[in-house]
Amino acid sequence: VVSLALFDYKGSKPWPAWELTYDELAVPPREYAKNPKIKILEYGPARGAIEITRTAGPSKFTQVLSLDADGDTVRVYNEVDWRSTASLLKVVFPLAAANPNAGYDLGLGVIKRGNSRPKLYEVPAQMWADITDRSKSFGVSVFSDSRSGWDKPDDNTLRLTVVHTPVYNYRWECSQHLMDLGLNRFSFGIYPHEGIRQSGTQSAAQRFNQPMATFTASVHEGTLGTEFSFARLNTEGVSIRAIKKAHRGEETVVRFNEVEGIAKTGVKFSIGAGIESAKEVFATEEVIGDAEVKDGVLCFD
């Protein structure tokens, strides 16, 4: 069960707002948010959602847990009315998957780190952290839309730091008891998967953080048919990082990123009405050589 854990928190000198201390995080939480009240918000063919409200001291916590009918991720939207000074709030994810190492998203790659230790106990991740079981048969990725500080106290637990209010800032005492007080909004997602992370964590995290925008248009004949894509890849293991005008000339530069840690062959990229020609370039946009284009589609490894 995902829980909300509160810790006594004074912070380090002289930077309590920026530096967490190992001693304050290595002890059991002071308390957990409690007295849950559960209400069903949605129960239909498209989505199910429940609301859970809890309290801890003067702070109040509201969570909306939802799952789409064809979804692969449990979404949890949080509103925290934070009134707890000298305190820190972590969301605790106790998982069935166990591994002494976890994977953390670096944006352009993934880094593995072990359990928390005195010299490395709070680590960054951009969109997700993951524990894949030692058996490599299953795992769980946890997505975050705005919080990026994580720790891993043991083989099967991830914790995400979401709110913290130190006693005071030693340099600017005018900020005493103010940081993070009030209403805080954030979301996280829970994504179970078979095998290792290559099962789609990166793509699912992008869908979580950048959901498709929909809008209503007037009825018209149109020219694009029932389906149209501005740009398309034939694999989820490669991501389009940027499409930009070349620094010099009239060409268009597309930057690709392999996101699973596995070499990819036979990648196909299409855009617009088709590609006339292409070249492989360095990041500085100096030409390496010609690239292969077949029937208007860029093909590469």
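For the range 206-220, check the following and say yes or no: at least one residue is assigned to a loop (DSSP other than H, G, I, E, B), among the basic types (Lys, Arg) and at pLDDT below 95.
First, the residues of the range 206-220 that are assigned to a loop (DSSP other than H, G, I, E, B): 210-220.
Those still in the list that are among the basic types (Lys, Arg) too: none.
Checked against the condition, which is being assigned to a loop (DSSP other than H, G, I, E, B), among the basic types (Lys, Arg) and at pLDDT below 95, the range 206-220 yields no hits at all.
For every residue, the table says whether it meets (1) within 25 Å of Ala49 (Cβ to Cβ); (2) of a type in the set (Lys, Arg).
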position	(1), (2)
Pro94	yes, no
Asp105	no, no
Gly109	no, no
Gly114	no, no
Lys119	no, yes
Val123	no, no
Phe143	yes, no
Trp150	no, no
Val162	yes, no
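Within the set of pairs 6 or more residues apart or between chains, which connect a residue that is more than 18 Å from Lys10 (Cα to Cα) inside the range 155-172 to a residue that is at pLDDT 95 or above and of a type in the set (Asp, Glu) with Cβ atoms less than 6 Å apart?
Arg159/Asp151
Only one of these conditions is not met by Ile50: (1) part of a strand (DSSP E or B); (2) closer than 30 Å to Ser12 by Cα. Which number is it?
With respect to (1) part of a strand (DSSP E or B); (2) closer than 30 Å to Ser12 by Cα, Ile50 is out only on (2).
I'm checking my understanding of the structure. Among residues of the range 61-106 that are among the hydrophobic types (A, V, I, L, M, F, W, C) and open to solvent by 60 Å² or more (accessible area, probe 1.4 Å), which one is modelled with the lowest pLDDT?
Of the residues in the range 61-106, the ones among the hydrophobic types (A, V, I, L, M, F, W, C) are 61, 64-65, 67, 69, 74, 76, 80, 82, 86, 88-89, 91-93, 95-98, 102, 106.
Then drop every residue that is not open to solvent by 60 Å² or more (accessible area, probe 1.4 Å), which leaves 67, 69, 96, 106.
Numbers: Leu67: 97, Ala69: 94, Ala96: 97, Leu106: 90.
My answer is Leu106.
Name the residue that is farthest from Ile52 (Cα to Cα), counting only residues in the range 1-27 that are among the small types (Gly, Ala, Ser) and under 24 Å from the mean Cα position of the chain (by Cα). Break it down into steps so the answer makes sense when it comes.
Taking the range 1-27 and keeping what is among the small types (Gly, Ala, Ser), we get 3, 5, 11-12, 17, 26.
Keeping just the survivors that are under 24 Å from the mean Cα position of the chain (by Cα) gives 3, 5, 17.
Values: Ser3: 12, Ala5: 15, Ala17: 29 Å.
Ranking the qualifying residues of the range 1-27, first place goes to Ala17.
Would you point out which residue out of Tyr191, Tyr168 is crowded, with 18+ Cβ neighbours inside 10 Å, closer than 17 Å to Ile131 by Cβ and either touching a Phe, Trp or Tyr at 6+ places or on another chain (Cβ under 8 Å) or modelled with pLDDT under 90 (or both)? Working first, answer last.
Values: Tyr168 fails: closer than 17 Å to Ile131 by Cβ.
Of the residues listed, the single one that is crowded, with 18+ Cβ neighbours inside 10 Å, closer than 17 Å to Ile131 by Cβ and either touching a Phe, Trp or Tyr at 6+ places or on another chain (Cβ under 8 Å) or modelled with pLDDT under 90 (or both) is Tyr191.
Quick one: is Ala96 out of contact with any Leu (no Cβ under 7 Å at 6 or more places or on another chain), in contact (Cβ under 8 Å) with a residue 24 or more places away in the chain, of a type in the set (A, V, I, L, M) and over 25 Å from Pro153 (Cβ atoms)?
Numbers: out of contact with any Leu (no Cβ under 7 Å at 6 or more places or on another chain): yes; in contact (Cβ under 8 Å) with a residue 24 or more places away in the chain: yes; of a type in the set (A, V, I, L, M): yes; over 25 Å from Pro153 (Cβ atoms): no.
No, not satisfied.
The values are calculated or read from the model by the stated rules, or taken from the named source; none is laboratory data. It should be emphasised that the depicted structure is a prediction, and the values quoted were computed from it without experimental measurement. No Cβ is skipped: glycine too gets one built from the backbone with ideal geometry, and neighbour counts run over all protein chains shown. For the accessible areas, the whole protein counts, side chains as well, though only heavy atoms, and no ligand, DNA or RNA atoms are used. Shrake-Rupley method; radii C 1.70, N 1.55, O 1.52, S 1.80 Å.
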